[in-house]
Amino acid sequence: GTIYVLNGPNLNLLGKRQPEIYGHETMADVEAACLSQAESYGLAVRFLQSNAEHQLIDWIHEAREDAVAVIINPGAYTHTSIAILDALNTFEGPVMEVHISNVHKREEFRRHSYVSLRADGVIAGCGTQGYLLAIDRVAKLVSATN
Ligand code: DQA
């Protein structure tokens, strides 16, 4: 099975963008770590990033046919996108929401997530390790239902 790991706007700048908040690892580092973590469970990863809401929605639609689970860090679309929530509601497998930073420790507007209305679990404030924790969780959920 394949896990889709989807990343939203500005995450292409991970490692360069506000490193005091988001750390020094790059998306390429996170991708490599996700691939090897998933591989340890016999799972594959399709790791994707886009700054465009429509692209994230199109990938969620592809996940409907192609993925056993979706892990998503929607970036700022977390707090704004009913369209991404609606897309995730068309996906039947486990959905995990990841935030690198602790969104509850920051501005008030980061505390509300549309995506959390669909997510089976939310990981925030664990840095990029959050992606690996989400893979652990997905592996458990996928093996329990299969
Ligand atoms: C983020 C938190 C969001 O509030 C922010 O807009 C991001 C990144 C995180 O990973 O901590 O772009 O999702």
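The values are calculated or read from the model by the stated rules, or taken from the named source; none is laboratory data. Keep in mind that this is a model prediction, so the values were computed, not measured. All Cβ positions, even for glycine, are placed from backbone atoms using ideal geometry, and neighbour counts span all protein chains on display.
Hey, His112 hits all of (1) touching a His at 6+ places or on another chain (Cβ under 7 Å); (2) surrounded by fewer than 17 Cβ atoms within 10 Å (Cβ to Cβ); (3) closer than 19 Å to Asn51 by Cβ but one; which does it fall short on?
Evaluating His112 over (1) touching a His at 6+ places or on another chain (Cβ under 7 Å); (2) surrounded by fewer than 17 Cβ atoms within 10 Å (Cβ to Cβ); (3) closer than 19 Å to Asn51 by Cβ leaves (3) as the failure.
Among the residues in the stretch 80-89, are any surrounded by 22 or more Cβ atoms within 10 Å (Cβ to Cβ), within 9 Å of the ligand (Cβ to nearest atom) and under 14 Å from the mean Cα position of the chain (by Cα)?
Checked the stretch 80-89: no residue is surrounded by 22 or more Cβ atoms within 10 Å (Cβ to Cβ), within 9 Å of the ligand (Cβ to nearest atom) and under 14 Å from the mean Cα position of the chain (by Cα).
What is the number of the single condition among (1) of a type outside the set (Asp, Glu); (2) at pLDDT 95 or above; (3) in a helix (DSSP H, G or I) that Tyr41 does not meet?
(3)
Sort through Ala76, Ala119, Ala139, Ala69 and tell me the only one that's in contact (Cβ under 8 Å) with a residue 12 or more places away in the chain, more than 19 Å from Asp29 (Cα to Cα) and more than 13 Å from the chain's Cα centre (by Cα). Working first, answer last.
Numbers: Ala76 fails: more than 13 Å from the chain's Cα centre (by Cα); Ala119 fails: more than 13 Å from the chain's Cα centre (by Cα); Ala69 fails: more than 13 Å from the chain's Cα centre (by Cα).
Criteria check complete, one pass: Ala139.
Which count do you get for residues in the stretch 129-146 that are modelled with pLDDT of 95 or more, more than 9 Å from the ligand (Cβ to nearest atom) and not basic (Lys, Arg)?
The total comes to 11.
All but one of (1) in contact with a helix residue (DSSP H, G or I) (Cβ under 6 Å, 6 or more places away or on another chain); (2) in a helix (DSSP H, G or I); (3) within 15 Å of the ligand (Cβ to nearest atom); (4) among the β-branched types (Val, Ile, Thr) hold for Ile57; state the number of the condition that does not hold.
Going through the list (1) in contact with a helix residue (DSSP H, G or I) (Cβ under 6 Å, 6 or more places away or on another chain); (2) in a helix (DSSP H, G or I); (3) within 15 Å of the ligand (Cβ to nearest atom); (4) among the β-branched types (Val, Ile, Thr), Ile57 breaks only (3).
Could you please let me know if Leu132 is touching a residue at least 24 places away in the same chain (Cβ under 8 Å), surrounded by 14 or more Cβ atoms within 10 Å (Cβ to Cβ) and within 19 Å of Gln37 (Cα to Cα)? Show your work before the answer.
On the way: touching a residue at least 24 places away in the same chain (Cβ under 8 Å): yes; surrounded by 14 or more Cβ atoms within 10 Å (Cβ to Cβ): yes; within 19 Å of Gln37 (Cα to Cα): yes.
Spelling it out, Leu132 is indeed touching a residue at least 24 places away in the same chain (Cβ under 8 Å), surrounded by 14 or more Cβ atoms within 10 Å (Cβ to Cβ) and within 19 Å of Gln37 (Cα to Cα).
Test of understanding: among Ser36, Ser143, Ser50, Ser40, which residue is of a type in the set (Ser, Thr, Tyr) and surrounded by 16 or more Cβ atoms within 10 Å (Cβ to Cβ)?
Numbers: Ser36 fails: surrounded by 16 or more Cβ atoms within 10 Å (Cβ to Cβ); Ser143 fails: surrounded by 16 or more Cβ atoms within 10 Å (Cβ to Cβ); Ser40 fails: surrounded by 16 or more Cβ atoms within 10 Å (Cβ to Cβ).
The conditions single out Ser50.
Name the pairs: first residue in the stretch 93-109 and at negative phi and among the polar types (S, T, N, Q), second residue part of a helix (DSSP H, G or I) and exposed (fewer than 13 other Cβ atoms within 10 Å of the Cβ), Cβ to Cβ under 7 Å, at least 6 apart or on different chains?
Taking only residues 6 or more apart or on different chains, the pairs are Ser101/Ile21.
Criterion first (modelled with pLDDT of 95 or more, β-branched (Val, Ile, Thr) and in contact with a Ser or Thr (Cβ under 6 Å, 6 or more places away or on another chain)) does Val122 satisfy it? Walk me through how you get there before you give the answer.
Details: modelled with pLDDT of 95 or more: yes; β-branched (Val, Ile, Thr): yes; in contact with a Ser or Thr (Cβ under 6 Å, 6 or more places away or on another chain): yes.
Taking the combined requirement at face value, the residue satisfies it.
Considering the stretch 25-54 alone, what residues qualify as being closer than 14 Å to Leu132 by Cβ, aliphatic (A, V, I, L, M) and away from the ligand (no atom under 16 Å from the Cβ)? Can you show your working first?
Quick first cut of the stretch 25-54, residues closer than 14 Å to Leu132 by Cβ only: 25, 29-41, 43, 45, 47.
Those still in the list that are aliphatic (A, V, I, L, M) too: 30, 32-33, 35, 38, 43, 45.
The answer is Ala32, Leu35, Ala38, Leu43, Val45.
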